[in-house]
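> Pasting a structure here, questions to come.
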Ligand SMILES: Nc1nc2c(c(=O)[nH]1)N[C@H]1C(S)=C(S)[C@@H](COP(=O)(O)OP(=O)(O)OC[C@H]3O[C@@H](n4cnc5c(=O)[nH]c(N)nc54)[C@H](O)[C@@H]3O)O[C@H]1N2
Ligand SMILES: Nc1nc2c(c(=O)[nH]1)N[C@H]1C(S)=C(S)[C@@H](COP(=O)(O)OP(=O)(O)OC[C@H]3O[C@@H](n4cnc5c(=O)[nH]c(N)nc54)[C@H](O)[C@@H]3O)O[C@H]1N2
Ligand code: SF4
Ligand SMILES: [Mo]
């Protein structure tokens, strides 16, 4: 998709256009219903079209959801929704939705299923789980999850005595970033919503992070505002992204060499004195050692390594220095790039530290103070029966677990067999690198249960398919929201579940009961539980149900002041420019540059990213969003296209280093990408024929990601290490 300035404005407008609910920032569903004569219902709830958790207001007429709008009270939406958020109706009424529980009748992958009642399906699953746990131990039951449905199956699997739970949001997404910032600042930059004060930044530096295509609502709004008021944008990306088109400086870096640029910037910041002396003195440790370690990274060297003009390398960092501390080097989000990702994250964190951005306007705001008492109605989970395999030998693998290790153990049976998978809210066949291994692991299972809303590729391999109600049909939460302030949000149904779909809390709870784990089941209903939780938190549930969001007064403490000092939870209680924890584990305590493999002539590095109107594979069949973008294309540099004799719009295939071929896909010839890489949007190329709109549209990048490089520090899987050739269709 082409991104001119007009397009960007169109997308920015799309997130704003006609969706402003009220001029004022007040909202009450009841008041609005009364005002409109009582024929229309308004239900404030929480979006799940991606993980930004925006506040949504569903307009319901005659029992049908007719419109979704952004909640003006909710800081994540600020009265607006992105295109995907508005498109939630397309999911609710998708003709291809999962409607009834199903049990597989034919060989795996042949799409033959029969309908089952909930009782039958749940009894079947519980019976199988008991059998597997009795034979192999409870740790043979594992969970892969993403988003809110995982909560309820995490409870079930842990109650059984298994610790084998993994989320792709760590090893395929932001794990390396979180670890890098924890090592440096003792805390990540937040996972639901990065604590970046874009609204007040004078210079914003983006490494990859393609804001505007990466469409996280409030963050994109703030970015658009920053562009509007003339903040300087420096965009480091081998591709002229939407963000790059707004930038005062585009640095088309050679992919994989970001650390060379970052270390050189650290050197320049120190040598030319751009760092915040007082801040560094007061809050950091290791400055002298850092200074010495980066002295060898010169601009001349970096220019060679990164393929960027030396002048630009120097000018960009001086720009940062000039406006520091009211600047931000954005921490990024999808971080699993080349397998050396924690160290790239460390260098980014160090630059923020030197410039003193943590706790400063326009930098990283300090987390709000949340004082909500813990709430639980079930006993603590037992110790895992056997050590979980999801942390491997990676000293900094996060608590979310490493998906690829669960898969590996399922294939090898080492150190013990894994025989049942629950999959909830993740499309593993498209989400994990090296999909042939995912398939191989699945073929080793005695039971695959998938809880989903659409018949995706992974769903169509399941033994039992359990149809979840969409986010517009269920209770979930309460959610604690931490932006500049803290608040509480709610998910509640706009309408009753359609067909025989059921909320995940109910499915998980029914399985607990059938497994003899009734003490872990929900006592009555999730809504009743939410009411009890609100009471314990001192929040008026009815008010929350009416407004969708209640802020916690006095929680916001965004900037450092004399009596608001930052807390760094590192071993030294300071910002660690030199990481003592890495040193202890024999990793480089200061990031050190090591080149990554580059493509040979005639090969291109495979890069991937987001479309502003889709979320991975979860929206590609959505009528509303499908109409905006039906397939992806391969971005190919114009000079390369000429050299190869490939025309714009021509259908080609990609063949990777392991001779795996892509589906046929259209080429987009463009000046807006370097010659040594190609780019495509992730999420297309569905193999499931029952996703009738998305089936066979565009190409699947995952299919070509037949190798990945694991970060030795945290175990995340760098996926931008594959090279492809263009193959012309006969
Ligand atoms: N519309 C939409 N928005 C989303 C999502 C979605 O599915 N749809 N998903 C959300 C999620 S979960 C995540 S994690 C984020 C991900 O979004 P980001 O964190 O912004 O993702 P990146 O992987 O950094 O961004 C891809 C960009 O990196 C560039 N790039 C590739 N290789 C390199 C390199 O070696 N160096 C540099 N400097 N740049 C490189 C690509 O050209 C591309 O522009 O998006 C979130 N927002
Ligand atoms: N090649 C490649 N791989 C990637 C990425 C990439 O850019 N390229 N991005 C990585 C990143 S950053 C991330 S975060 C992950 C994302 O990985 P996933 O979260 O697995 O992404 P999706 O493909 O959107 O799959 C979501 C699944 O949840 C289902 N779903 C949607 N809503 C609900 C619901 O309410 N209940 C239930 N039970 N199911 C629901 C959808 O139908 C779909 O099957 O992928 C990672 N993997
Ligand atoms: S950013 Fe868009 S899709 Fe994501 S939660 Fe917000 S409105 Fe929904
Ligand atoms: Mo992600």
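The values are calculated or read from the model by the stated rules, or taken from the named source; none is laboratory data. The model shown is predicted, which means the values in this text are computed figures rather than measured ones. Please note: Cβ atoms are built from the backbone with ideal geometry, for glycine as well, and neighbour counts cover all protein chains shown.
Listed here are the residues, each with its yes/no results for (1) at pLDDT 95 or above; (2) under 28 Å from the mean Cα position of the chain (by Cα); (3) buried (at least 20 other Cβ atoms within 10 Å of the Cβ); (4) in a helix (DSSP H, G or I).
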site: 490; (1), (2), (3), (4): yes, yes, yes, no
site: 505; (1), (2), (3), (4): yes, yes, yes, yes
site: 509; (1), (2), (3), (4): yes, yes, yes, yes
site: 524; (1), (2), (3), (4): yes, no, no, no
site: 543; (1), (2), (3), (4): yes, no, no, yes
site: 550; (1), (2), (3), (4): yes, yes, yes, no
site: 569; (1), (2), (3), (4): yes, yes, no, no
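> Sticking with this structure for a sec: Filter the stretch 216-226 for residues that are more than 16 Å from ligand 4 (Cβ to nearest atom) and either in a strand (DSSP E or B) or surrounded by fewer than 24 Cβ atoms within 10 Å (Cβ to Cβ) (or both) and give the result.
218, 221, 222, 224, 225, listed by residue number.
> Please work out if residue 327 is away from ligand 3 (no atom under 16 Å from the Cβ), touching a strand residue (DSSP E or B) at 6+ places or on another chain (Cβ under 6 Å) and within 21 Å of residue 361 (Cβ to Cβ). Steps first, answer last, please.
Working: away from ligand 3 (no atom under 16 Å from the Cβ): yes; touching a strand residue (DSSP E or B) at 6+ places or on another chain (Cβ under 6 Å): yes; within 21 Å of residue 361 (Cβ to Cβ): yes.
It is true that residue 327 is away from ligand 3 (no atom under 16 Å from the Cβ), touching a strand residue (DSSP E or B) at 6+ places or on another chain (Cβ under 6 Å) and within 21 Å of residue 361 (Cβ to Cβ).
The rows are residues; the columns are (1) under 19 Å from residue 618 (Cα atoms); (2) without any contact (Cβ under 8 Å) to a residue 60 or more places away in the chain; (3) within 16 Å of ligand 3 (Cβ to nearest atom).
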site	(1), (2), (3)
443	no, no, no
452	yes, no, no
457	yes, no, no
466	yes, no, no
472	yes, no, yes
478	no, no, no
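> Here is a further query. What pairs come out if I take residues in the stretch 196-218 that are under 24 Å from residue 336 (Cα atoms) and assigned by TED's automatic domain parsing to the domain that holds residue 325 and pair them with residues that are part of a strand (DSSP E or B) and away from ligand 4 (no atom under 13 Å from the Cβ) whose C-beta lies under 6 Å away, six or more apart or interchain?
Every condition considered, the pairs that remain are 196/328; 204/233; 204/328; 205/234; 205/329; 206/235; 207/236.
> Can you confirm whether residue 397 is within 23 Å of the chain's Cα centre (by Cα), modelled with pLDDT of 95 or more, away from ligand 1 (no atom under 16 Å from the Cβ) and over 16 Å from residue 150 (Cβ atoms)?
Spelling it out, residue 397 is indeed within 23 Å of the chain's Cα centre (by Cα), modelled with pLDDT of 95 or more, away from ligand 1 (no atom under 16 Å from the Cβ) and over 16 Å from residue 150 (Cβ atoms).
> Which one is farthest from ligand 1 (Cβ to nearest atom), of the residues in the stretch 155-181 that are surrounded by fewer than 24 Cβ atoms within 10 Å (Cβ to Cβ) and part of a loop (DSSP other than H, G, I, E, B)?
161
> If residue 184 passes every condition in (1) in a loop (DSSP other than H, G, I, E, B); (2) more than 16 Å from ligand 2 (Cβ to nearest atom); (3) in contact with a strand residue (DSSP E or B) (Cβ under 9 Å, 6 or more places away or on another chain) but one, which one does it miss?
Here residue 184 meets the rest and fails (1).
> If only one of 613, 620, 634 is at pLDDT 95 or above, more than 10 Å from ligand 2 (Cβ to nearest atom), crowded, with 20+ Cβ neighbours inside 10 Å and under 20 Å from residue 453 (Cβ atoms), which one is it?
Going through 613, 620, 634 in turn, just one is at pLDDT 95 or above, more than 10 Å from ligand 2 (Cβ to nearest atom), crowded, with 20+ Cβ neighbours inside 10 Å and under 20 Å from residue 453 (Cβ atoms): 613.
> Could you check, for the stretch 222-237, whether at least one of its residues is within 16 Å of ligand 2 (Cβ to nearest atom) and closer than 22 Å to residue 675 by Cβ?
yes
> Among the residues of the stretch 163-180, is any under 30 Å from residue 512 (Cβ atoms) and away from ligand 2 (no atom under 16 Å from the Cβ)? Steps first, answer last, please.
Step one: list which residues in the stretch 163-180 are under 30 Å from residue 512 (Cβ atoms), which gives 163-173, 175.
So of that shortlist, the ones also away from ligand 2 (no atom under 16 Å from the Cβ) come out as 163-164.
Yes: one or more hits.
> Determine whether the stretch 674-683 contains at least one residue that is closer than 17 Å to residue 433 by Cβ, within 13 Å of ligand 2 (Cβ to nearest atom), in a loop (DSSP other than H, G, I, E, B) and modelled with pLDDT of 95 or more.
Looking for residues that are closer than 17 Å to residue 433 by Cβ, within 13 Å of ligand 2 (Cβ to nearest atom), in a loop (DSSP other than H, G, I, E, B) and modelled with pLDDT of 95 or more, one finds at least one in the stretch 674-683, hence yes.
> Follow-up question, since we're still on this one. I need the full set of residues from the stretch 403-418 which are outside any helix (DSSP H, G or I), surrounded by fewer than 24 Cβ atoms within 10 Å (Cβ to Cβ) and either in contact with a strand residue (DSSP E or B) (Cβ under 8 Å, 6 or more places away or on another chain) or in contact (Cβ under 8 Å) with a residue 40 or more places away in the chain (or both), in order please.
416, 417, listed by residue number.
> Name the single residue, out of those in the stretch 141-154 being within 21 Å of residue 394 (Cβ to Cβ) and within 16 Å of ligand 1 (Cβ to nearest atom), that is surrounded by the fewest Cβ atoms within 10 Å (Cβ to Cβ).
146
> From the set of residues in the stretch 333-355 that are buried (at least 24 other Cβ atoms within 10 Å of the Cβ) and either outside the structural domain of residue 281 (by TED's automatic domain parsing) or within 15 Å of ligand 4 (Cβ to nearest atom) (or both), which is nearest to residue 265 (Cα to Cα)?
The qualifying residue nearest to residue 265 (Cα to Cα) is 345.
> Return the residues of the stretch 466-487 that are within 30 Å of residue 116 (Cα to Cα) and not in a helix (DSSP H, G or I); say none if nothing qualifies. I'd like the intermediate steps shown before the answer.
Going residue by residue through the stretch 466-487, those that are within 30 Å of residue 116 (Cα to Cα) are 466-477.
Listed by number, the residues that qualify are 466, 467, 468, 469, 470, 474, 475, 476, 477.
> Pick out, from the stretch 56-138, the strands (runs of 3 or more DSSP E) lying fully within it that include 1 or more residues that are in contact with a helix residue (DSSP H, G or I) (Cβ under 9 Å, 6 or more places away or on another chain) and surrounded by fewer than 20 Cβ atoms within 10 Å (Cβ to Cβ).
Correct list: 64-70, 102-104.
> How many residues, within the stretch 639-673, are surrounded by fewer than 19 Cβ atoms within 10 Å (Cβ to Cβ) and in a strand (DSSP E or B)?
Result for the stretch 639-673: 6.
> Somewhere in the stretch 118-129, is a residue within 23 Å of residue 404 (Cα to Cα), touching a strand residue (DSSP E or B) at 6+ places or on another chain (Cβ under 8 Å) and away from ligand 2 (no atom under 15 Å from the Cβ)?
Yes, the conditions are met somewhere in the stretch 118-129.
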